[in-house]
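The values are calculated or read from the model by the stated rules, or taken from the named source; none is laboratory data. Since we're looking at a predicted model, the values are computed, not measured. Reconstructed Cβ throughout: ideal geometry from the backbone, glycine too, with neighbour counts over all protein chains shown.
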Amino acid sequence: MEKQKDGKLLKTIGFIGIVIFIAAIAVSVYMMSRNMGQVPGIDFGPGQYYYTDIPGWQKYFLTNAYDNHVPLAILVVLFFAWGYLMYRFWCFLDKKWKD
């Protein structure tokens, strides 16, 4: 009896989730088609939206204001090396915890 109640509850919650998801997509498409939510005169290009409220954000985020002495290729290699090390560490922990 309890198992049947749980199954019905999960189905109801799943159905409500699907309805909310579809409604969110419909509202998003409607808002985009009507150009709602845009502030006139401000172009929210990639990333600009997040920095427009920081006074003088250009000096922090534009590339000509930040001079890095480490070449970009080395930074990319370090990024992937760190990712690989974390992957190997995760595999190690996974083996340890399975035993």
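Restricting Phe21, Phe15 to those that are modelled with pLDDT of 90 or more, within 21 Å of the chain's Cα centre (by Cα) and part of a helix (DSSP H, G or I) reduces the list to Phe21. Among all positions in the range 34-47, there is no residue which is at pLDDT 65 or above, part of a helix (DSSP H, G or I) and exposed (fewer than 10 other Cβ atoms within 10 Å of the Cβ).
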